[in-house]
Number of protein chains: 2
Amino acid sequence: MVTLKQLAKELNVSISTVSKALNNSEEIGEETVRRVKELAALYNYKPNKVALSLKQNKTKTIGVIIPNILNHFLAKVLFGIEREATKLGYNIITCISNESLEKEKESLQILANGSVDGFILCVAEETQIKNEVDHFRRTISQGLPIVMFDRVAHDVMCDKVIVDDFDATYRATKGLLAENRKRIAFISNVDKLSVGKLRERGYAKAILENHDMELLHLSIKKKDDHQKKVKSFLKKNPEIDGVIAADSSSGIIAINAAINLGKKVPRDMSVIGFASKGDSYHAFPKLTTIRQHAKVIGANAAEMLIHRLQNMHLNEDVKTKIVKTSLIKTKSTL
Amino acid sequence: MVTLKQLAKELNVSISTVSKALNNSEEIGEETVRRVKELAALYNYKPNKVALSLKQNKTKTIGVIIPNILNHFLAKVLFGIEREATKLGYNIITCISNESLEKEKESLQILANGSVDGFILCVAEETQIKNEVDHFRRTISQGLPIVMFDRVAHDVMCDKVIVDDFDATYRATKGLLAENRKRIAFISNVDKLSVGKLRERGYAKAILENHDMELLHLSIKKKDDHQKKVKSFLKKNPEIDGVIAADSSSGIIAINAAINLGKKVPRDMSVIGFASKGDSYHAFPKLTTIRQHAKVIGANAAEMLIHRLQNMHLNEDVKTKIVKTSLIKTKSTL
């Protein structure tokens, strides 16, 4: 990669002369312009994009910071961001915070120094627990707008895209009640996340609206044998005739475990979960799922950020967009 | 974010004076150094990292380019890269090529301009089909080393980390033959990828080593109902007593479909697949899996690249590392 400096040295002129010649400045003589351009073409000289972007303050690149790449939902949001950004002529660069506040800060710093025009991010778990927001505010005040999705920092004034987690499980539970189910259990391995808590509250609200019904909650820990736990839970509580699963695996496992115990699904037990489309095929019958539209969330976030970047001068009010979940009914419910 | 220029303007001195003062140059008077430093501290001036890195030619950052973020194997490799790089004091930034040659080229360009010291990448499908390698060679000749993993370009001289896909299915099929299985089928939805082809060849070799056995292959297309296809395949071929699944879903679906058809697993049929640990729980009995050690692949790639970055002056020969798969036996095989 040849630099301006090397071109200047070889031609025995100043760097600024080379630069001006390449930009057809009238200050430079025709002959010099020709010599500079010929040599630049010979060496296939390309202006350094990063240096250029530092000058122009526009990179047409979006920084994305996600907490966990193994989470399929987050990977799908990233996919949605990427697709929409590409459509609108933007590139994306991604950093992974690995749920760490420190890494989140570092990622913001690395990318804020001229690599990107703005950010789309999902807040790291540690950041949520410690409730730190200064690094977000500092980034925004540097002129780099942020759009947060899914896990957001409510104290930061910025655009947001969120999911109706509470409503989703509330409506799903109501659906099972409408099937006349009497003993509906809630199974979750995401108790600790804000979204997991919202999902549990939605379930609890629907159940407790009925005076004769009680909550029944199975919490799966990371070290647990997911399969064994669910199976023995269903065995110990044979009266369970409905399951709301808060994560992407528990619903599938609940169907398979019930069948293994000799139950018929959905005759004896209905199951609703949060699985992705691909995973919903892992159970016979296929799992009725609450679809979060991860790609739509990503597309919305990209669209909001790019809109803001292209209208920075208008200083528009920040917005929060709610992407509604939908219930995809298959044969694991009546 | 205050710049050198703004500091210079406010102090009514030249930019170069500010820069020299901040670097304690002896050319600048003590009083000026003090004034510059005070104002810089007041405005919380930080030298622009990207500009600095352009100068110093070291970013301690690795660029990662992956073709598809929805592929769980690739996401896990990325996780492994990130963890190892962090341990060794490097950051990573990721671009997604979306299986497109054009996006792969663009990603290399965006990051090659001073943002990273080198690359770890998995070649996009389109790049493999068109067999284009110039953009890789150009990057390497610019002084930015590349480590390729999984899908690699054999014509490019660079470090590589690959999986023993052929051996993996060869040995798995041999395992089913040792169980005295007579009719072993191969189910795959990755026929088009190089790794899918290697896996099929491994299966075929093991089968054809027996004069009395024939190949039986079910190919799943993207638009197919995966569940229905597998179920009707098993129904039409009731003599199947063993299944080798080449992708992350077919093994799980084969177990569930067999049970749905009234078969006992593994008594009537053994199944081996490529699922991740989490997904292997989606079947009862749990799926016997060929584990690819995605995180180990990522860690190896990071380790190789960083070793090369830290020993550029030695100009060492390129290496290819093979990460062996292992067979995790559970109760879907005898």
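The values are calculated or read from the model by the stated rules, or taken from the named source; none is laboratory data. Bear in mind the structure is a predicted one, so any value in this text is a computation, not a measurement. Because the Cβ atoms are built from the backbone with ideal geometry, glycine has one as well, and the counts that use them run over all protein chains shown. Note: accessible area is taken over every heavy atom of the protein model, side chains too, but ligands, DNA and RNA are not part of it. Shrake-Rupley method; radii C 1.70, N 1.55, O 1.52, S 1.80 Å.
If you check A:THR32, A:THR86, A:THR59, which single one turns out to be over 28 Å from B:VAL2 (Cα atoms), at the interface with another protein chain (Cβ under 10 Å from one of its Cβ atoms) and modelled with pLDDT under 95?
A:THR86
Look through A:GLY273, A:GLY298 and report the one residue that is assigned by TED's automatic domain parsing to the domain that holds A:MET148 and open to solvent by less than 20 Å² (accessible area, probe 1.4 Å).
Residue meeting the stated conditions: A:GLY298.
Could you tell me which of the residues B:ILE69, B:ILE120 is assigned to a strand (DSSP E or B), under 23 Å from A:THR86 (Cβ atoms) and out of contact with any His (no Cβ under 6 Å at 6 or more places or on another chain)?
B:ILE120
Scanning for something basic (Lys, Arg), in a helix (DSSP H, G or I), modelled with pLDDT under 95 and within 23 Å of the chain's Cα centre (by Cα), does region A:279-294 turn up at least one residue?
Within region A:279-294, none of the residues are basic (Lys, Arg), in a helix (DSSP H, G or I), modelled with pLDDT under 95 and within 23 Å of the chain's Cα centre (by Cα).
Looking at B:VAL116, is it out of contact with any Phe, Trp or Tyr (no Cβ under 8 Å at 6 or more places or on another chain) and over 28 Å from A:SER107 (Cα atoms)?
Judged against the criteria, B:VAL116 is not a match.
For region B:225-272, what are the residues that are in contact (Cβ under 8 Å) with a residue 40 or more places away in the chain, outside any helix (DSSP H, G or I), over 20 Å from A:ILE259 (Cα atoms) and more than 10 Å from every other protein chain (Cβ to nearest Cβ)?
Within region B:225-272, B:ASN237, B:GLU239, B:ILE240, B:ASP241, B:GLY242, B:VAL243, B:ILE244, B:ALA245, B:ALA246, B:ASP247, B:ILE272 qualify.
Cβ contacts < 6 Å: first residue within 14 Å of chain B (Cβ to nearest Cβ) and within 15 Å of A:SER194 (Cβ to Cβ), restricted to region A:112-124; second residue of a type in the set (Phe, Trp, Tyr) and open to solvent by 10 Å² or more (accessible area, probe 1.4 Å), any location; separation 6+ or different chain. Result?
none
Which condition breaks for B:SER14 when tested against (1) open to solvent by less than 50 Å² (accessible area, probe 1.4 Å); (2) without any contact (Cβ under 8 Å) to a residue 24 or more places away in the chain; (3) over 27 Å from A:PHE73 (Cβ atoms)?
Failing condition for B:SER14: (1).
Would you list the strands (runs of 3 or more DSSP E) that sit entirely within region A:124-224 and hold 1 or more residues that are in the same structural domain as A:GLY242 (by TED's automatic domain parsing) and open to solvent by 60 Å² or more (accessible area, probe 1.4 Å)?
The qualifying strands (runs of 3 or more DSSP E) are A:217-219.
Could you please find all residues in region B:84-110 being under 24 Å from B:HIS293 (Cβ atoms), crowded, with 24+ Cβ neighbours inside 10 Å and polar (S, T, N, Q)?
Matches in region B:84-110: B:THR94, B:SER97.
In region B:304-334, what residues are under 24 Å from B:ASP155 (Cβ atoms) and surrounded by 15 or more Cβ atoms within 10 Å (Cβ to Cβ)?
Result: B:MET304, B:LEU305, B:HIS307, B:ARG308, B:LEU309, B:VAL318, B:LYS321, B:VAL323.
Within region B:70-83, is even one residue crowded, with 24+ Cβ neighbours inside 10 Å, modelled with pLDDT under 95 and more than 10 Å from every other protein chain (Cβ to nearest Cβ)?
No; the residues of region B:70-83 include none that is crowded, with 24+ Cβ neighbours inside 10 Å, modelled with pLDDT under 95 and more than 10 Å from every other protein chain (Cβ to nearest Cβ).
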